[in-house]
Ligand SMILES: [Zn+2]
């Protein structure tokens, strides 16, 4: 959920810097995108989330739009409702790993599975962009785990 008009420019810049200009969900880099990334309220304002930096995450337009005001989703494997990945409370590498060819995000946990499905993290268009970025060595971000 985007409510940037309630956030100061300083806060927005802090969120960008803290995230190292990566979408904190799909790990796309803002550097290579035409559209500026957005600030996501992890807990939406309309679900009593705050404008505190601890409730904010950098998200690409697509992830922010897909996440919308959701905070949980059904894990298809267990059929249980689980929280979505929370970039402030969860470590990306504990829930996700890149496929060997570095184009797919693979879930390691129920949270990972529900988040990949809900945010459509492996949509065709972004897989194509990732493949091109892998070719020129600008993807995935340094330090991200990759499946052996
Ligand atoms: Zn994203």
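Identify, please: which residue in the stretch 15-30 is within 18 Å of residue 86 (Cβ to Cβ) and part of a helix (DSSP H, G or I) and is, among those, farthest from the ligand (Cβ to nearest atom)? Steps first, answer last, please.
Of the stretch 15-30, the ones within 18 Å of residue 86 (Cβ to Cβ) are 15, 18-20, 22-27.
Next, only the ones that are part of a helix (DSSP H, G or I) stay: 15, 18.
Working: 15: 14, 18: 16 Å.
It comes out as 18.
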Output the residues belonging to the stretch 31-72 that are away from the ligand (no atom under 16 Å from the Cβ) and outside any loop (DSSP other than H, G, I, E, B).
45, 46, 47, 53, 54, 55, 72
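Report whether or not residue 83 is touching a helix residue (DSSP H, G or I) at 6+ places or on another chain (Cβ under 8 Å) and more than 24 Å from residue 55 (Cα to Cα). Show your work before the answer.
Values: touching a helix residue (DSSP H, G or I) at 6+ places or on another chain (Cβ under 8 Å): yes; more than 24 Å from residue 55 (Cα to Cα): no.
Taking the combined requirement at face value, the residue does not satisfy it.
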Conditions (1) buried (at least 16 other Cβ atoms within 10 Å of the Cβ); (2) within 13 Å of the ligand (Cβ to nearest atom); (3) over 19 Å from residue 19 (Cα atoms) -> residue 123 fails only (1)
Given the conditions (1) exposed (fewer than 13 other Cβ atoms within 10 Å of the Cβ); (2) touching a helix residue (DSSP H, G or I) at 6+ places or on another chain (Cβ under 7 Å); (3) on the phi > 0 side of the Ramachandran plot, and given that residue 35 satisfies all but one, which numbered condition is not satisfied?
(3)
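All of the numbers you see were taken from the coordinates with simple rules; none came from a lab. Not measured: the values here are computed from a predicted model. Reconstructed Cβ throughout: ideal geometry from the backbone, glycine too, with neighbour counts over all protein chains shown.
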